[in-house]
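Trainee: Could you have a look at this structure, given as structure tokens, before my questions?
The values are calculated or read from the model by the stated rules, or taken from the named source; none is laboratory data. Remember, it's a predicted structure, so these values are computed and weren't measured experimentally. Note that we place each Cβ from the backbone using ideal geometry, even for glycine, and neighbour counts take in every protein chain shown.
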Amino acid sequence: MASATAARWSIPTPVGAALRLAAPALLGYGAARTLGIGLLTYLAERRGESPGTVLYGSWDARWYQDVVEHGYDRTVSGTPHTWHAWSNLAFFPLYPWLCRIADAALPLGLATSSWLVSLAASLAAAWLIFLVGNRLHGRRTGTVLAVLWGCVPHALVESMAYTESVFTALAAAAVYTALDRHWVRTGVLAGLAGLTRPTGIALAGAVCAVAGLALLRALRRGEPWWRPALAIALAPAGWAAFVVWVGLRLHRADGYFAVQDAWGNRLGKGGYLLRRVRWVFLGRRGGEVPVAYVMVTLVVAACFVLLALCVVQRQPLPLLLFGGAMLAVVALGRGVYIATARFLLPAFPLLLPLARVLARAHPRTIALTLTTAACASAVYGVHLALIWNGPP
């Protein structure tokens, strides 16, 4: 009887098998982020500061909580009686919806509930990134890819009450389903990602391009074509729906773009990025360039190099187009330069060349490299949170 019971419990389930497969990736990613949060918490308390203020009570986190508590503004310049001078219509709605649900379900308060949403999304993103890497190049590459994503310089944001983790999870899921040509799922996931961040338009563009090629191929071969066609319709739907809704709320067709313009964000031709890079490298009058600006510039430069490597390695089209589109949207934007590296966090396909090289190394070398990267990321996260006087 006991052996029969043990055998019954040992029967693998799809969920159990999936968790066992991804366990090294999730444990490695969790260890990297725990190190970052733990070091920040320890040093913040030593300085008499609250780590919670950094993780879920400042900058964009406060804006999203404002949307949950007070709803969206009805003006371009914000609501005069509130704490902000700009409009919260610049912030997309999916993350506030999730925060509202978590706040209703958990007796922890809105700020903490919002943070837990981001933490859960970051683990989901790490798992989905692992699935992409595992599908393409095996378990070891998938594991390294997921842990690398948790060790990038601005990985602290993955553990803050921000939208990057939610968007990355949806983007990775969309890329994974696109690799398997599940077009309807891909379109739905890309549409949801478009309700999360402005850069959702990059994912929508990549999905439309890949699905468009599949549509042409289906038409040429006389195969069913409606699935890729539906993906093309669904992918930009979330982003477009919010932009249209903001226009209706403000009673002007360019309402969303007017809000972004009031924030100082607009589309350019790449000259703004080049000017900022030149400013960082040549310095400024009267003082040194802050470390945060140097790091952002190095990250952006590295992303261009990694994109070139992705092209050389002939990365699958969904990953290549998504990574390239993310880099293009960020490079052509003109706004808060210091946030450029944070905006590129969801572009996980750019890390695949590094993951492939590292996965071929000896396990000891892999462990040492990832541990060093995690420590460096944790230290820089402390700099962003406690020393740099600005948004991450």
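Trainee: State yes or no: is residue 224 out of contact with any Leu (no Cβ under 6 Å at 6 or more places or on another chain), under 28 Å from residue 334 (Cα atoms) and not aliphatic (A, V, I, L, M)?
Mentor: The answer is no for residue 224.
Trainee: Restricting the first residue to region 247-259 and requiring it to be touching a residue at least 60 places away in the same chain (Cβ under 8 Å), which pairs with a second residue that is of a type in the set (A, V, I, L, M) meet a Cβ separation below 6 Å and a spacing of at least six or different chains?
Mentor: Sorted first by the residue in region 247-259, then by its partner, the pairs are 255/246; 256/243; 256/246; 258/76; 259/76; 259/89; 259/90.
Trainee: May I ask you to list the residues in region 234-246 that are touching a helix residue (DSSP H, G or I) at 6+ places or on another chain (Cβ under 7 Å) and either of a type in the set (A, V, I, L, M) or farther than 21 Å from residue 192 by Cβ (or both)?
Mentor: Those that are touching a helix residue (DSSP H, G or I) at 6+ places or on another chain (Cβ under 7 Å) and either of a type in the set (A, V, I, L, M) or farther than 21 Å from residue 192 by Cβ (or both): 234, 235, 237, 243, 246.
Trainee: Please list, ordered by first then second residue, the pairs with beta carbon atoms under 6 Å, 6 or more apart or interchain, first in region 67-91 and over 17 Å from residue 110 (Cα atoms) and charged (D, E, K, R), second in a loop (DSSP other than H, G, I, E, B) and at pLDDT 70 or above.
Mentor: Every condition considered, the pairs that remain are 73/87.
Trainee: Is it fair to say residue 143 is polar (S, T, N, Q), modelled with pLDDT of 95 or more, over 17 Å from the mean Cα position of the chain (by Cα) and assigned to a helix (DSSP H, G or I)?
Mentor: The answer is yes for residue 143.
For (1) buried (at least 17 other Cβ atoms within 10 Å of the Cβ); (2) more than 18 Å from residue 350 (Cβ to Cβ); (3) in contact with a Gly (Cβ under 6 Å, 6 or more places away or on another chain); (4) hydroxyl-bearing (Ser, Thr, Tyr), each residue gets a yes or a no:
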position: 239; (1), (2), (3), (4): yes, yes, yes, no
position: 244; (1), (2), (3), (4): no, yes, no, no
position: 251; (1), (2), (3), (4): no, yes, no, no
position: 260; (1), (2), (3), (4): yes, yes, no, no
position: 267; (1), (2), (3), (4): no, yes, no, no
position: 278; (1), (2), (3), (4): no, yes, no, no
position: 297; (1), (2), (3), (4): yes, no, no, yes
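Trainee: What number of residues within region 170-186 satisfy the criterion of being of a type in the set (D, E, K, R) and in a helix (DSSP H, G or I)?
Mentor: Residues that pass the stated criteria total 1.
Trainee: Of the residues 367, 331, 308, which is over 20 Å from the mean Cα position of the chain (by Cα), part of a helix (DSSP H, G or I) and over 28 Å from residue 127 (Cβ atoms)? I'd like the intermediate steps shown before the answer.
Mentor: Numbers: 367 fails: over 28 Å from residue 127 (Cβ atoms); 331 fails: over 20 Å from the mean Cα position of the chain (by Cα).
From the options 367, 331, 308, the qualifying one is 308.
Trainee: Identify the single condition in (1) outside any loop (DSSP other than H, G, I, E, B); (2) on the phi > 0 side of the Ramachandran plot that residue 227 does not satisfy, given that it satisfies every other one.
Mentor: For residue 227, the failing item is (2).
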